[in-house]
1. Looking at 9, 58 in this structure, which one is touching a residue at least 24 places away in the same chain (Cβ under 8 Å) and surrounded by 10 or more Cβ atoms within 10 Å (Cβ to Cβ)?
2. Which residues, counting only those in the range 90-114, are part of a helix (DSSP H, G or I), of a type outside the set (S, T, N, Q) and open to solvent by less than 20 Å² (accessible area, probe 1.4 Å)?
3. Restricting to the range 12-40, what's the tally of residues that are under 22 Å from residue 87 (Cα atoms), aliphatic (A, V, I, L, M) and open to solvent by 70 Å² or more (accessible area, probe 1.4 Å)?
4. Got a number for residues in the range 41-55 being open to solvent by 80 Å² or more (accessible area, probe 1.4 Å) and in a loop (DSSP other than H, G, I, E, B)?
5. Would you mind finding the one in 122, 69 that is open to solvent by 50 Å² or more (accessible area, probe 1.4 Å), under 21 Å from residue 222 (Cα atoms) and either within 12 Å of the ligand (Cβ to nearest atom) or free of Cβ contacts under 8 Å to residues at least 40 places away in the same chain (or both)?
6. Condition (residue is open to solvent by less than 20 Å² (accessible area, probe 1.4 Å), within 16 Å of the ligand (Cβ to nearest atom), in contact (Cβ under 8 Å) with a residue 60 or more places away in the chain and closer than 30 Å to residue 196 by Cβ) applied to the range 73-85: is it met by at least one residue?
7. Could you count how many residues in the range 86-116 are closer than 20 Å to residue 265 by Cβ and either touching a residue at least 24 places away in the same chain (Cβ under 8 Å) or within 15 Å of the ligand (Cβ to nearest atom) (or both)?
Amino acid sequence: MSEKEQLQALRVRIDNLDEQILGLISERARCAEEVARVKMASLQPGEKPVFYRPEREAWVLKHIMELNQGPLGNEEVARLFREIMSSCLALEHPLKVAYLGPEGTFTQAAALKHFGHAVISQPMAAIDEVFREVAAGAVNFGVVPVENSTEGAVNHTLDSFLEHDLVICGEVELRIHHHLLVGENTKTDKISRIYSHAQSLAQCRKWLDAHYPNVERVAVSSNADAAKRVKSEWNSAAIAGDMAAQLYGLTKLAEKIEDRPDNSTRFLIIGNQAVPPTGDDKTSIIVSTNNKPGALHNLLVPFQARGIDLTRIETRPSRSGKWTYVFFIDFVGHQHDPLVKDVLEQISQETVAVKVLGSYPNAVL
Ligand SMILES: C=C(O[C@@H]1C=C(C(=O)O)C=C[C@H]1O)C(=O)O
């Protein structure tokens, strides 16, 4: 067979497979519609239907990754199935998700990675506004950054948990790649100012010291805001990611300029709905202790005694008295696990207050 004939034969096979895939996706979507009908039919009077099931979605993605034998990688097939689920869920009930905006931020990228592109995503100007939108019921979920592997905690997010009664329903991790971006009119040999969010400037500090030691670094409210500004200024550049570059039509003067190649940010999904266990979960709590010697030690011993892994501990001022603190603790397990119930009971006897922010599936993607 000639090359042309071989390619033609392969394309016929691909067309045939696509038709089968379409048939199967449509059948799956009809099943999701049926799920919605069943959920609606079995509601008690006054009860609201729960369409989005994060624990079920985590299971579906893990199941697919376990079955996958290549040649596509696990992450790749999971991303495809994430989008299929997103579209199926949107047929049941379109989800509204608020995120720390404006459009083009890494938080938007995280929201789309977690929920897929079929959600209605709404940018908010500040982290606190995301919390308020979710608390008011104007959106189903919110997405906020909580920690970066280079720069540490996002304090605004931690502090917002002290002020709102919301539940953590999930987490997303995103590799963060920063680029130095310029507009069409930028005089690249005369850059006198570089805009970005303070966290991003910090994540690229060494690169900036080496390449632009004398250029003014200007912290603005988001990377997307930085990208927007350079469009109208001739002597400015921005540090931002791919989404912002695309959105504002900027070009990359330098790529992947973050100081650490593994630079990642963790985001939280906040909502009003508690998530049942999946067997691979994490729990986040806030604890306030008496300001006396050994308080932190006494708090941690019960975890150690039960072999519960702490994945993170963060301290913040309590805001209810000078030099008093609260601890944000993440650990492995679900609040319904007997061992976790037991540890929560014990620490609530030894501390001033314990608040469970939520138990949620470990990030699959
Ligand atoms: C189909 C359901 O509803 C939603 C859609 C899902 C899917 O498309 O697989 C999974 C969980 C839910 O978010 C369900 O509850 O099973």
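The values are calculated or read from the model by the stated rules, or taken from the named source; none is laboratory data. These numbers were taken from a predicted model, which means no experiment stands behind them. We place every Cβ from the backbone using ideal geometry, glycine too, and count neighbours over all the protein chains shown. Remember, those area values only see protein heavy atoms, side chains included, never the ligands or the DNA or RNA. Shrake-Rupley method; radii C 1.70, N 1.55, O 1.52, S 1.80 Å.
1. The match here is 58.
2. Those that are part of a helix (DSSP H, G or I), of a type outside the set (S, T, N, Q) and open to solvent by less than 20 Å² (accessible area, probe 1.4 Å): 110, 111.
3. 6
4. Total meeting the criteria: 6.
5. 122
6. Yes; the residues of the range 73-85 include at least one that is open to solvent by less than 20 Å² (accessible area, probe 1.4 Å), within 16 Å of the ligand (Cβ to nearest atom), in contact (Cβ under 8 Å) with a residue 60 or more places away in the chain and closer than 30 Å to residue 196 by Cβ.
7. 19
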